[in-house]
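Beneath this line is the structure, given in structure tokens, with notes to follow.
The values are calculated or read from the model by the stated rules, or taken from the named source; none is laboratory data. In this text, all values refer to a predicted model and were calculated from it rather than measured experimentally. Quick reminder, even Gly has a Cβ in these numbers, built from the backbone with ideal geometry, and neighbours come from all protein chains shown.
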Amino acid sequence: MLRQRIITAAWLIPLALFGLFGLEGEGFRLFTAAAVLLAAWEWANLAGITASAPRLLAVGGLAALLALSWVTGAAQSAWLLWLGALGWLVNLYWVTGYPARLAQWQSAAMRLAMGLWVLLPTWVGFSVLREGGAVWLLFVLLLVWGADIGAYFVGRALGRHKLAPSVSPGKTWEGVAGGLAVTALLAVGFAAWQGLGVAGGLLLVVATAVVTLASVLGDLLESMLKRHRGIKDSSQLLPGHGGVLDRVDSLTAAVPLFALLYGGLL
């Protein structure tokens, strides 16, 4: 298993870095659209759709919406990011009420709709951040990774109080605090690097805290869906690493929210 993880990482990391930072404009949108559509294939499975034909139909439907957003300019529009933000409020309601509120979202149709307001704004968020330059796209990626690292180490060392035991028993409030501490330091560093000043730096720290908490919710949402489906990974598309959604679940919440805040802060 370790050998397979290393082999996959050896080609996946350079590919991801090239796609995210080596491409611009249409090339970047195509690259991120491909990743989102792979995630949509997995989401259809999380929705309970296992047959290939209906799963392809679901992916094709999202592809059509991505293309429509692209040609109409909606991929640069804030209203799709607002759709994502509102959708994540609904997701928060469901995650915090699991399993009591299961009946509200367990139908395949509702889970597919959930995927729409998660994945489409994610693609838009990536496009908005990349258009603004690579710096803030790099920041939100480091934010998510920093939150994960801080939560892992602090949670292991100090974790006592469970965050969402019915969804993800291993996560603790102490781990969340560790993630917030790491991303706050990251925000201070970026604020100094970008010359945002005291007021701009404080705004960035506050926005970073909000986005960090959203990234935790992104992780919990996928955990909830996988728990309901009785599966460990979203797929085996990335041998040794699970599926695309397993690698980007936190980003699906963090990227569109940070892109929404981006215009008002930076």
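Here are Arg55, Arg29: which of them is crowded, with 16+ Cβ neighbours inside 10 Å, in contact (Cβ under 8 Å) with a residue 40 or more places away in the chain and either in a helix (DSSP H, G or I) or of a type outside the set (Ser, Thr, Tyr) (or both)?
Going through Arg55, Arg29 in turn, just one is crowded, with 16+ Cβ neighbours inside 10 Å, in contact (Cβ under 8 Å) with a residue 40 or more places away in the chain and either in a helix (DSSP H, G or I) or of a type outside the set (Ser, Thr, Tyr) (or both): Arg29.
Take residues that are of a type in the set (Phe, Trp, Tyr) and under 17 Å from the mean Cα position of the chain (by Cα) and tell me which of the helices (runs of 4 or more DSSP H) falling wholly in the range 158-266 contain 2 or more.
Once the helices (runs of 4 or more DSSP H) in the range 158-266 are filtered for at least 2 residues that are of a type in the set (Phe, Trp, Tyr) and under 17 Å from the mean Cα position of the chain (by Cα), what remains is 244-265.
Whether any residue in the range 32-43 is of a type in the set (Val, Ile, Thr) and within 19 Å of Thr252 (Cβ to Cβ) is what I want to check.
Within the range 32-43, one or more residues are of a type in the set (Val, Ile, Thr) and within 19 Å of Thr252 (Cβ to Cβ).
Out of curiosity, is Tyr93 at pLDDT 95 or above, touching a strand residue (DSSP E or B) at 6+ places or on another chain (Cβ under 8 Å) and either assigned to a helix (DSSP H, G or I) or among the aromatic types (Phe, Trp, Tyr) (or both)?
no
Find the residue count for the range 121-157, including only residues that are in contact (Cβ under 8 Å) with a residue 60 or more places away in the chain and assigned to a loop (DSSP other than H, G, I, E, B).
1
So if I check each of Ala44, Ala103, which one is in contact with a Lys or Arg (Cβ under 6 Å, 6 or more places away or on another chain), in a helix (DSSP H, G or I) and aliphatic (A, V, I, L, M)?
Every option except Ala44 fails the conditions.
Of all residues in the range 213-236 being more than 17 Å from Thr96 (Cβ to Cβ) and out of contact with any strand residue (DSSP E or B) (no Cβ under 8 Å at 6 or more places or on another chain), which is surrounded by the most Cβ atoms within 10 Å (Cβ to Cβ)?
Lys226
Somewhere in the range 36-45, is a residue under 21 Å from Pro239 (Cβ atoms) and among the acidic types (Asp, Glu)?
yes
Test of understanding: among Trp117, Trp88, which residue is among the aromatic types (Phe, Trp, Tyr), over 21 Å from Thr183 (Cα atoms) and part of a helix (DSSP H, G or I)?
Only one candidate passes the filter, namely Trp117.
How many residues does the range 86-124 contain that are touching a Ser or Thr at 6+ places or on another chain (Cβ under 8 Å) and crowded, with 22+ Cβ neighbours inside 10 Å?
Within the range 86-124, residues that are touching a Ser or Thr at 6+ places or on another chain (Cβ under 8 Å) and crowded, with 22+ Cβ neighbours inside 10 Å number 6.
Please go through (1) over 29 Å from Ala74 (Cα atoms); (2) surrounded by 19 or more Cβ atoms within 10 Å (Cβ to Cβ) for Leu257 and return the number of the only condition it doesn't satisfy.
(1)
Given the structure, is Phe126 hydrophobic (A, V, I, L, M, F, W, C) and under 19 Å from the mean Cα position of the chain (by Cα)?
Against the criterion (hydrophobic (A, V, I, L, M, F, W, C) and under 19 Å from the mean Cα position of the chain (by Cα)), Phe126 qualifies.
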